[in-house]
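Just below is one structure, and these are the notes that go with it.
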Amino acid sequence: MIKTRALGRRFGATVAVEDLSLNIKKGEVFGLLGPNGAGKTTTVRMLCGLISLSSGEAYIDGLDVKDPEQRLRIRGMIGLLPESPGLYESLSAYRNLDFYAKLYGCDPKCRKERIKELLQALELWDRRDQPVAGFSKGMKQKIAIARALVHEPKLLFLDEPTSGLDPSASVTVRNYLLDLKKEGRTIFLNTHNLDEAERLCDRIAVLNTRLLAMGRPNELAQDYFGRHLLVQVKEQETLDLSRFNDIPGLVKVTLGSEGLCFTLDDPQLRAPEVVRRLIREGAEVQQVYESRKSLEDVYLRIIGGEENASR
Amino acid sequence: MRRTRPDKVWTIALKEFSEFRRNRYIVYSLILMPLIMTTILPMVYLLPVASFASDPPDEPMDLGIETIEIVYGGTVQNGYYNRTLFIGVTLGNIVALSCRFVDCEMNYCLLRNSDISDSSLSECVVDRCNLDNVSRFNVSLKDSRVLGEPTEAESTLLLLLDAQMLFFTLIPTILPTIIASYTLVGEKLNRSLEPLLATPTSDLEILTGKVVSILLPSMLVTWICFVPFVIIVNLIAGPVLDYLPLPDLTWLVVVFLLGPLFCLVSILGNVIISSRVNDVRSAQQLGSLVVLPIVGFFAVALIGVISLTLPYLLAFALVMVCVDIILFYLATRIFGREEILVRWR
């Protein structure tokens with residue numbers, strides 16, 4: 001659905017995005033993570049055909065974003081939720097959506113149905129005729145999401161969809177995005193919210209002007225932290241760790257505050273052997289579990305590593 | 001290249017109209033300012049002058065002149081003349097009493113109780129004479145009757161009427177400043193341009209939609225206000241002038257040709273200004289500078305450097321067409337997606 005090769009954008013002497021290559025499949029939810037000023041919004045704008053590319057190539061469903069005619073077609077098949085809702089405050093929720101539906105060329109009959117369906121799904125149908133100015137931030141964000149979906153786009157670009165929302169509004173928006181995911185829509189998500197990215201995204205990429213990492217969240221955790229089996233035993237300090245070095249698939253074994261940490265090629269496969277060896281060494285095993293690093297840990301490791309490298 | 005779609009232009013314009021309707025400041029500006037300029041101000045200016053106007057003399061005074069001598073052609077210098085008919089004579093330094101002058105040229109003369117027609121006077125003193133179709137330069141008139149010329153009140157009314165022409169150029173120039181500041185800077189502040197730019201709508205369609213949405217109400221209000229203005233002016237000035245001064249061709253050119261051209265200059269000027277400012281007030285202050293060249297033209301006309309006649313107005317319209325073309329070119333360059341998202345601050 002989205003294919004980029006060595007995508008780049010400069011603003012004068014400032015490099016906003018450099019050498020970004022992505023390949024996002026239909027129906028995939030792809031998260032782009034990165035600090036402020038990393039080039040996430042610039043990337044979305046380039047992919048939406050809003051700003052030009054300084055270098056590289058980008059295709060949306062086979063259409064070239066560099067071609068002015070094809071750019072217009074791209075804009076017709078995508079939905080964009082920008083960082084700020086950008087609604088017409090004096091107009092009603094219905095009128096806001098109706099205006100965009102007309103610009104997207106939606107059929108008049110379908111238009112009404114679609115707007116009703118969206119406002120009902122986002123629990124705003126009862127307030128459809130009220131001016132948006134009186135809506136809460138969460139409600140405005142929902143209207144902005146409805147606006148991005150009013151023409152049933154194949155591809156959705158969401159820039160910080162839950163930014164600034166209270167927890168309950170965030171949950172409503174997130175659940176709605178999960179519904180969209182189930183519908184099989186391709187979603188490109190720009191976010192700072194790592195928990196959200198972990199819950200929603202099939203794959204994530206970390207960007208800081210250039211691409212730092214990309215993959216499934218659990219794969220990235222493995223890549224950056226390895227796979228660990230944590231074992232809590234009684235009197236663990238008395239164990240001689242060198243006696244475990246011959247366990248198949250073992251990378252290393254350490255003793256930490258959480259217990260014995262076995263770094264293994266496949267913790268699930270090797271767990272029985274580790275437990276057997278511990279018992280044979282006389283250890284009293286209390287708890288065995290695979291350690292999982294959160295996306296936040298992974299993100300901080302990637303960004304931290306990059307910062308260290310740049311120093 | 002893709003053709004501009006009128007339905008999209010109209011959709012954008014209709015959305016803008018819906019927003020204007022809900023903006024009290026724009027609604028009041030659209031109603032009150034033209035109303036004051038085209039109904040109240042004409043009354044304030046014209047009524048006092050009209051009420052003090054006296055009927056112009058249409059009959060010469062009976063001076064009881066009986067000429068006994070005739071002078072045809074040639075030049076007459078110095079001397080005193082009584083009951084003489086001069087035809088086609090150039091006179092200088094003479095004193096005349098109870099004479100008739102036809103088709104004469106007079107310099108440094110003292111004329112008393114005489115009939116003067118189809119002649120020219122320069123540096124003369126005229127006492128109790130009838131003047132009919134006489135051009136005058138530095139002439140002192142006393143107890144005389146000037147025929148075939150507007151009275152002072154009529155002249156003042158006509159001058160004030162010319163001055164009011166300025167209002168009909170100011171309305172379509174100022175109204176866009178107010179509307180554009182809200183529609184462009186407002187949209188910028190509200191950050192609603194990005195989702196709009198993400199739709200399959202061309203830059204030209206968006207710009208044209210916005211221009212139409214400002215041009216239509218501004219011109220409609222101007223044209224609607226022209227109707228009560230014509231009625232008021234004719235009611236006040238008609239009896240004094242003995243004819244209905246409006247509408248005449250000059251006014252129609254100003255209201256229906258120059259008006260839309262000024263309006264477009266103002267809109268496009270404001271598009272350019274809006275790209276560089278971040279608040280409505282600054283946009284309005286800078287936008288109002290667009291009025292200056294227009295006021296300048298009329299100021300020059302009112303002090304008599306040029307006349308507000310059809311050829312001058314048509315020439316000015318031609319200049320405005322060129323200015324509009326240049327501004328439209330600049331506006332289309334500034335009102336581009338990339339420009340808006342990257343450079344508009």
Out of the range A:138-159, which residues are under 15 Å from residue A:176 (Cβ atoms) and touching a Cys at 6+ places or on another chain (Cβ under 9 Å)?
-> A:150, A:152
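A quick yes/no check of all residues on (1) open to solvent by 60 Å² or more (accessible area, probe 1.4 Å); (2) of a type in the set (Phe, Trp, Tyr); (3) at pLDDT 90 or above; (4) assigned by TED's automatic domain parsing to the domain that holds residue A:43:
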| site | (1), (2), (3), (4) |
| --- | --- |
| A:126 | yes, no, yes, yes |
| A:138 | no, no, no, yes |
| A:144 | no, no, yes, yes |
| A:157 | no, yes, yes, yes |
| A:160 | no, no, no, yes |
| A:192 | yes, no, no, yes |
| A:198 | yes, no, no, yes |
| A:203 | no, no, yes, yes |
Among the residues of the range A:157-171, count how many are in contact (Cβ under 8 Å) with a residue 24 or more places away in the chain, over 17 Å from residue A:121 (Cα atoms) and not in a loop (DSSP other than H, G, I, E, B).
-> 3
Filter the range A:30-55 for residues that are among the aliphatic types (A, V, I, L, M), touching a residue at least 60 places away in the same chain (Cβ under 8 Å) and surrounded by 23 or more Cβ atoms within 10 Å (Cβ to Cβ) and give the result.
-> A:32, A:33, A:44, A:47
Set B:213, B:266, B:202: member being among the small types (Gly, Ala, Ser) and more than 14 Å from every other protein chain (Cβ to nearest Cβ) = B:266
For helices (runs of 4 or more DSSP H) lying entirely in the range A:43-156, having 1 or more residues that are away from chain B (no Cβ under 12 Å) picks out A:93-103, A:108-121, A:137-149
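So is residue A:181 under 27 Å from residue B:200 (Cα atoms), basic (Lys, Arg), away from chain B (no Cβ under 14 Å) and open to solvent by less than 30 Å² (accessible area, probe 1.4 Å) or not?
Details: under 27 Å from residue B:200 (Cα atoms): yes; basic (Lys, Arg): yes; away from chain B (no Cβ under 14 Å): yes; open to solvent by less than 30 Å² (accessible area, probe 1.4 Å): no.
Criteria not met by residue A:181.
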Looking at A:175, A:190, which one is within 14 Å of another protein chain (Cβ to nearest Cβ) and farther than 26 Å from residue A:91 by Cα?
-> A:190
Scan the range B:182-195 residue by residue and report those that are more than 7 Å from chain A (Cβ to nearest Cβ) and free of Cβ contacts under 8 Å to residues at least 60 places away in the same chain.
-> B:187
Lone qualifier among B:231, B:236, B:294 - being under 19 Å from residue B:164 (Cβ atoms), open to solvent by 40 Å² or more (accessible area, probe 1.4 Å) and assigned to a helix (DSSP H, G or I) | B:231
Starting from the range A:133-146, take each residue that is over 12 Å from residue A:123 (Cβ atoms) and list its partners that are open to solvent by 10 Å² or more (accessible area, probe 1.4 Å) and outside any helix (DSSP H, G or I), counting only C-beta distances under 7 angstrom and pairs at least six apart or across chains.
-> A:133/A:89; A:133/A:90; A:137/A:164; A:137/A:165; A:140/A:85; A:141/A:85; A:141/A:165; A:144/A:85
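Quick one: would you say residue A:211 is closer than 24 Å to residue A:300 by Cβ and either outside the structural domain of residue A:42 (by TED's automatic domain parsing) or not charged (D, E, K, R) (or both)? Let's see the steps before the verdict.
Details: closer than 24 Å to residue A:300 by Cβ: yes; either outside the structural domain of residue A:42 (by TED's automatic domain parsing) or not charged (D, E, K, R) (or both): yes.
For residue A:211, the condition - closer than 24 Å to residue A:300 by Cβ and either outside the structural domain of residue A:42 (by TED's automatic domain parsing) or not charged (D, E, K, R) (or both) - is met.
With within 14 Å of chain A (Cβ to nearest Cβ), surrounded by fewer than 19 Cβ atoms within 10 Å (Cβ to Cβ) and of a type in the set (A, V, I, L, M) as the only criterion, which of B:323, B:342 stands out? Quick ask: steps written out before the conclusion?
Numbers: B:323 fails: within 14 Å of chain A (Cβ to nearest Cβ).
Just one listed residue meets the conditions, B:342.
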Residue count, the range B:246-261 (criterion: more than 29 Å from residue B:187 (Cα to Cα) and open to solvent by 10 Å² or more (accessible area, probe 1.4 Å)) | 8
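Rundown of residues vs (1) modelled with pLDDT of 95 or more; (2) charged (D, E, K, R); (3) over 19 Å from residue B:126 (Cβ atoms), yes/no style:
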site	(1), (2), (3)
B:63	no, no, no
B:73	no, no, yes
B:86	yes, no, no
B:104	yes, no, no
Checking residue B:18 against (1) more than 28 Å from residue B:231 (Cα to Cα); (2) away from chain A (no Cβ under 12 Å); (3) assigned to a helix (DSSP H, G or I); (4) of a type in the set (Ser, Thr, Tyr), which single condition isn't satisfied?
-> (2)
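I need the helices (runs of 4 or more DSSP H) fully contained in the range B:100-199, keeping only those with at least 1 residues that are open to solvent by less than 20 Å² (accessible area, probe 1.4 Å) and touching a Phe, Trp or Tyr at 6+ places or on another chain (Cβ under 8 Å). Don't jump to the end; show me each part of the working.
Values: elements: B:152-180, B:186-189, B:193-197.
Per the criteria, B:152-180, B:193-197.
The values are calculated or read from the model by the stated rules, or taken from the named source; none is laboratory data. These figures come from a predicted structure and were not determined experimentally. Methodologically, a virtual Cβ is constructed for each residue, glycine included, from the backbone with ideal geometry; neighbour enumeration extends over all protein chains shown. When the accessible area is computed, the model is the full protein with side chains, heavy atoms only, and any ligands, DNA or RNA have been set aside. Shrake-Rupley method; radii C 1.70, N 1.55, O 1.52, S 1.80 Å.
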